[in-house]
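**Q** Before anything else, here's the structure in question.
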Amino acid sequence: MNSRLNKPFFFAFSVGLATAIVFSITIILSYQYYQKQKIQQLQLELNFVKENIRKIMTNSNLAAFSVGLTIDPVQDTVKNFDFVAKEIMQQHPYIFGVQILRKGEIQYVYPFERHKSVLGYDILENQSTQIEAQRAIDEKEIYYAGPLSFKQGGQGIIARLPIFHNQKFWGFSAVLIRMDDFLEASGIRKSEFDNFIFELSKINPNTGKEEYFTNRSGASDLSLDYTFAESGWKITANYQSESIVYIILSILIILGIFSTAGSSQHAYQILKRPEKLEALLNEKTKEIEENNAYLQSMVQAIPDIIFIYDEQATYLDFHAYKTEFLLYKPKDFIGKTAYELFDKGFAKETHACILKALKTSEVIEHSYYLDFKEDRKFFEGRYISINSEKVLAVIREVTERVLSAQRLEKSEQKYRGLVSQASDTIFLSDENGNLIELNNKGIEMTGLNEKQIKEYNLNDIIILSNEKHSKITELIHEKGNTLQEGSLKKSDGTEIPVEINCKITASKQIQGIIRDVSARKKYIQSIQLQNEKLKEIAWIQSHEVRAPLARILGLLDYLEKYDEGTKADNNHIISSLRKSSLDLDLIIRDLVKKSEEAESSTS
């Protein structure tokens with residue numbers, strides 16, 4: 001009797017337990033999928049901010065390097081600082097100011113009126129700035145100090161590039177960025193998603209404690225961080241779940257509880273009342289269908305395309321947030337393989353991702369594009385196995401992001417093109433002088449082709465006019481940088497006069513500019529030749545012209561004093577006057593000819 005009474009109870013309990021397990025797995029998988037999506041979004045946002053900061057640091061490095069080029073450590077002078085600083089700030093509006101420091105003392109600032117209050121301030125004497133400034137000196141490379149308070153007002157960061165001459169510290173070139181401008185340019189303050197919050201922090205070198213320079217986000221459900229080695233900045237991306245997620249989870253849990261209880265009660269009633277089995281079964285089937293419809297509606301809300309494949313790459317099912325992202329209508333692709341719908345190459349790629357997902361049970365990523373009638377669209381796919389025979393693919397349309405990346409790449413290529421089209425030779429070599437790169441003008445001047453560049457050394461193509469050094473590399477390593485005149489030896493053996501300006505970079509490479517000064521040399525030679533002609537003319541005027549002119553003046557003076565001379569005397573005097581006049585005419589003609597030659601030598 002007791003066995004009969006317990007049998008329905010145990011059966012109902014088993015049904016309820018199975019229902020609870022199914023709902024639990026569904027809720028867990030849904031929440032895990034949701035979390036995975038948010039982690040991916042959070043990683044994309046963090047990468048976006050990280051790349052923006054990298055771009056700011058790269059531009060600041062170039063700016064500090066450009067300012068450093070205005071320093072002549074040999075003569076201990078600074079040239080064209082205001083011009084270079086102005087150009088830098090026009091190109092990068094987020095830069096707050098530019099400085100040059102001799103040792104640790106600020107001696108040059110731009111803009112002057114904004115930063116003149118810090119002139120004479122020594123960062124190596126102040127405890128708040130000494131540690132990070134000394135780190136840049138010790139590591140002999142650019143270091144980003146701060147965030148810290150500026151003496152001229154506000155808060156920001158400073159990129160300091162240490163300048164060395166003959167292995168001795170000379171000073172810094174520095175670039176200042178206000179904190180508000182840095183946060184704006186980096187994208188920390190303008191995330192696409194309201195639930196993503198960024199924090200910027202750093203270990204204070206003086207206190208050893210972590211300091212935050214943005215508002216703390218408090219507790220977060222998910223977080224990712226990245227630390228920049230060049231500055232010690234730590235960027236933390238936090239995600240705070242929307243309240244609707246917890247509401248949905250609560251509803252699902254409540255539904256699960258009710259479904260579990262209902263299933264148990266239903267099974268119990270069925271066993272207790274066989275006559276109502278069919279009616280109750282239909283009722284519960286309807287409830288399950290409604291629950292499935294509810295879960296299906298949640299899937300429909302996902303803003304991605306979802307495909308279900310078998311191991312032959314056959315399209316079994318799909319979900320499309322927007323049908324315009326489908327290349328074919330559902331009736332045209334369901335039940336067909338990728339090989340029947342697409343070209344062989346794309347079909348092979350898709351099939352390989354499906355097979356790899358089935359084999360490894362890992363998320364397999366696949367980026368591709370499809371040509372629609374209107375335009376080309378780009379997609380990112382993630383494939384994950386459902387079981388041993390089926391694969392789920394989540395496809396996201398990323399056309400705008402890809403096109404933005406392509407526009408950025410074109411912009412960078414344009415900047416490289418400016419260097420390649422420069423009117424002077426620009427080169428880069430290793431520390432031994434072995435050539436690494438030459439711009440187009442360098443290839444033209446040397447007569448080398450791109451394959452030959454790395455076969456040549458600086459000492460092979462540059463001949464110095466400096467008697468103390470026969471090799472350019474020896475001079476550069478001795479002085480750190482140099483500005484010399486010499487000759488460029490072309491691949492055909494001919495030489496042209498050039499001016500060489502180069503230095504050793506922080507990465508121990510040799511970088512420089514070679515300028516063709518043939519026209520300048522020719523002009524100087526023509527001026528020297530003209531001067532020689534003019535000296536000759538001046539000598540003729542002061543010596544040869546004077547002699548016949550003196551004779552003429554003497555004869556005229558004689559005629560005035562002795563006007564009663566004989567006819568023979570007068571004829572003799574007139575003959576002498578004619579001869580002296582002819583001599584004078586020849587000398588003047590010669591002077592005119594030499595003057596014309598002097599003029600033609602400079603034209």
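**Q** Cross-link partners among lysines for Lys103, C-alpha distance below 21 Å, same-chain residues fewer than 8 apart left out?
**A** Within the straight-line cut-off, Lys103 pairs with Lys79, Lys116, Lys140, Lys151, Lys168, Lys479, Lys503.
**Q** Quickly rank 96-102, 352-358 as a protection proxy: mean count of other C-beta atoms within 10 Å, highest first.
**A** Descending mean neighbour count gives 96-102, 352-358.
**Q** Give me the Å³ per residue figure for the convex hull around the C-alpha atoms of region 358-508.
**A** Per-residue hull volume (Cα only) is 203 Å³.
**Q** Right, here's the next one. I'd like the projected area of region 420-526, averaged over all directions, using the convex hull of its alpha carbons. Report it in nm² with one decimal.
**A** Average of the hull's projected areas for region 420-526 equals 6.8 nm².
**Q** Give me the percent of accessible area attributable to carbon and sulfur for region 450-525, probe 1.4 angstrom.
**A** C and S fraction of accessible area: 45 percent.
**Q** For region 365-414, evaluate the Debye formula with one uniform point scatterer on each Cα (no solvent term) and list log10 I(q)/I(0) at q = 0.19 Å⁻¹, rounded to two decimals.
**A** -0.73
**Q** In Å and from the alpha-carbon atoms only, list the Rg and Dmax of region 298-397.
**A** 12.7, 38
**Q** If I stretch the segment between Leu586 and Lys471 completely, what's the gain in nm (0.36 nm per residue apart, minus their alpha carbon distance), one decimal?
**A** Full extension of this stretch gives 35.9 nm more.
**Q** So what's the projected area for region 427-468, the Cα convex hull averaged over all directions, in nm²?
**A** Taking the Cα atoms of region 427-468, their convex hull projects to 3.3 nm² on average.
**Q** How much accessible area per residue does region 467-509 have, counting only protein heavy atoms and a probe of 1.4 Å, in square angstrom?
**A** 57
**Q** Can you divide the C-alpha Rg of region 108-154 by 2.2 N^0.38 Å and report the result to two decimal places?
**A** My calculation over the Cα atoms of region 108-154 gives 1.23.
**Q** Next question, about the same structure. Semi-axes of the equivalent ellipsoid of region 452-513: what are they in whole Å, largest first, if each equals the square root of 5 times a C-alpha gyration tensor eigenvalue?
**A** Equivalent ellipsoid semi-axes, largest first: 19, 15, 10 Å.
**Q** What would the Debye formula give as log10 I(q)/I(0) at q = 0.18 Å⁻¹ for the alpha-carbon point model of region 78-182, no solvent?
**A** Scattering profile of region 78-182, log10 relative to I(0): -0.85.
The values are calculated or read from the model by the stated rules, or taken from the named source; none is laboratory data. Treat the numbers as computed from the prediction; the structure is a model and nothing was measured. Reconstructed Cβ throughout: ideal geometry from the backbone, glycine too, with neighbour counts over all protein chains shown. Remember, those area values only see protein heavy atoms, side chains included, never the ligands or the DNA or RNA. Shrake-Rupley method; radii C 1.70, N 1.55, O 1.52, S 1.80 Å.
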